[in-house]
Amino acid sequence: MAPLMDVDTSTSDTSYSTKDGSRDFITQLGYTIPAADGGNISMDDLATENPTFREVRQVKVHDVRNYPEEFKLDVHGFQYHKLPSIPGEGEVDFFNHDDPKIPEIHYKGMADWYAKELGAKEVLIYNHIVRNDKWAPHKYSNKYSGPAHRPHIDIARSFAPDLFRGIYSKMRPDDTSIDSIIENGNWKMINLWRPIKTIKRDPLAVLDTRSASDSDIITTEQEYEPGYKVKNSWLKSGIDADDPDEKIGHRWYYMSKQQPDEVVAFKMFDGAKDATSCGTAHTAVHVPGSEGEENRVSLEMRLFAIY
């Protein structure tokens, strides 16, 4: 088995720019351009660097390392947690997406821990992705296992209730409470993202949801498997076409040298009718000077939290 890698406590990292202890950096993000006719954008087009659907903008990414506790799930759309030892994780091969012990063992330990963190009645983890490959734009698909370098939200708002209903009904075929859960808004869809070893390149950046507007979001429909379509959301740059010199208002955050016991949770959807943060855009980001570092290895788990 391949356990989680030891925490890297070294400080001799030259991959990040440093100034007064800060590891903020400037990078480029490939935002999505809507189709000219307002139609759907295919996964093939999203996977490439086709300028028809891609707008590169320079952005600053802020390091949360010195103040991670300031960010809250229901305010900013994301929150960092210190993860305790999860029972049975030493038996899991975290480098292998298909290791059956990830859903058999790790799901339960993570769900039990996170339900307590949230104060939720129940947490149901329904899938996971291990990312351990190099960035390769033409490979991006449901089978791709490298970092995803395009700002996106995993599930479109309009599609989230249907997805919840469908998955919950399969997991709990005899439970008829799903309609009342959705109607009452007592649920969230959340992504739990953690490193398998210290992150030295392509870290995950998350967007403060307060810094984006609904008009920045583009919804697309993709067929990931025959007969199975999913609606995702992608992020526009937010630049006013009539004032192209206007600065991007998006505020991006990451954690420098994120460790295996440092988890970031971010919302995919919030069923509460008065939710102030809903879907959180996120993306892998290129850190200047990190090109020679080893591949990022990470595990993300998607879940429903029921209150």
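A few comments on the model shown:
- Comparison of P100, P51, P87 shows that the only residue that is more than 30 Å from A275 (Cα to Cα), at pLDDT 95 or above, surrounded by fewer than 17 Cβ atoms within 10 Å (Cβ to Cβ) and out of contact with any strand residue (DSSP E or B) (no Cβ under 9 Å at 6 or more places or on another chain) is P100.
- Every residue from the stretch 237-270 that is part of a loop (DSSP other than H, G, I, E, B), surrounded by 20 or more Cβ atoms within 10 Å (Cβ to Cβ) and either at pLDDT below 85 or among the basic types (K, R) (or both): K257
- Cβ-Cβ under 6 Å pairs, at least 6 apart or on other chains, the stretch 217-230 side closer than 14 Å to A160 by Cβ, far side at pLDDT below 90 and hydroxyl-bearing (S, T, Y): V230/Y224
- Sole exception among (1) assigned to a loop (DSSP other than H, G, I, E, B); (2) within 18 Å of R302 (Cα to Cα) for G166, by number: (1)
- S145 surrounded by fewer than 14 Cβ atoms within 10 Å (Cβ to Cβ) and not in a strand (DSSP E or B): no
- Flag for S277 being polar (S, T, N, Q), in contact with a Gly (Cβ under 7 Å, 6 or more places away or on another chain), farther than 17 Å from N191 by Cα and modelled with pLDDT under 95: no
- Some residue of the stretch 199-210 being acidic (D, E) and farther than 22 Å from G279 by Cα: no
- Residues satisfying the stated conditions in the stretch 178-196, i.e. surrounded by fewer than 22 Cβ atoms within 10 Å (Cβ to Cβ), in contact with a strand residue (DSSP E or B) (Cβ under 9 Å, 6 or more places away or on another chain) and more than 19 Å from I155 (Cα to Cα): I196
- For the stretch 64-84, the criterion of a residue being assigned to a loop (DSSP other than H, G, I, E, B), in contact with a Cys (Cβ under 9 Å, 6 or more places away or on another chain) and modelled with pLDDT of 95 or more is satisfied by at least one position.
- When the stretch 191-236 is limited to residues that are basic (K, R) and outside any loop (DSSP other than H, G, I, E, B), the one that is nearest to A265 (Cα to Cα) turns out to be R194.
- Scope the stretch 29-45; condition at pLDDT 85 or above, under 25 Å from M268 (Cβ atoms) and either surrounded by 12 or more Cβ atoms within 10 Å (Cβ to Cβ) or of a type in the set (D, E, K, R) (or both); matching residues: L29, G30, Y31, T32, I33, P34, A35, N40, I41, S42, D45
- Among the criteria (1) assigned to a strand (DSSP E or B); (2) more than 30 Å from I182 (Cβ to Cβ), the one V287 does not fulfil is (1).
The values are calculated or read from the model by the stated rules, or taken from the named source; none is laboratory data. The structure displayed is predicted, hence computed values, not measured ones. Quick reminder, even Gly has a Cβ in these numbers, built from the backbone with ideal geometry, and neighbours come from all protein chains shown.
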